[in-house]
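The values are calculated or read from the model by the stated rules, or taken from the named source; none is laboratory data. This structure is a prediction, so every number in the text was calculated from the model and none was measured. Here Cβ is always computed from backbone atoms with ideal geometry, including for glycine, and neighbour counts include all displayed protein chains. Only protein heavy atoms, including side chains, enter the accessible area calculation; ligands, DNA and RNA are left aside. Shrake-Rupley method; radii C 1.70, N 1.55, O 1.52, S 1.80 Å.
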Amino acid sequence: GLACLFAALSYAEFAASVPVSGSTYTYAYATLGEFAAWIIGWDLILEYLLAVSAVSAGWSGYFQSFLSGFGINFPEKLTAAPGSVDGV
């Protein structure tokens, strides 16, 4: 907890020194330059895409479970997450 407190305080101090918008991209641009901010921006986009794919696979499972309650079942090759079924 103490380490989290110190991390939060240092982040708040840094945010006060660069008060533009508060994003990671803006902080990188202000401190490291345009190229580093560009790399971090694309890293954030890739991170969000990975998170969205994981969440969508979970919601798809919930929806499939809901439909199976009504007797509607789809083949596993069409409903499984990529890489989880042989041959897909």
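Quick notes
- Pick from the stretch 1-18, criterion open to solvent by less than 100 Å² (accessible area, probe 1.4 Å) and not hydrophobic (A, V, I, L, M, F, W, C), ranking: modelled with the highest pLDDT: Gly1
- When residues in the stretch 61-88 are screened for being outside any loop (DSSP other than H, G, I, E, B) and touching a helix residue (DSSP H, G or I) at 6+ places or on another chain (Cβ under 7 Å), 2 of them pass.
- Members of the stretch 35-56 found to be under 24 Å from Gly83 (Cα atoms) and not acidic (Asp, Glu), listed by number: Leu44, Ile45, Leu46, Tyr48, Leu49, Leu50, Ala51, Val52, Ser53, Ala54, Val55, Ser56
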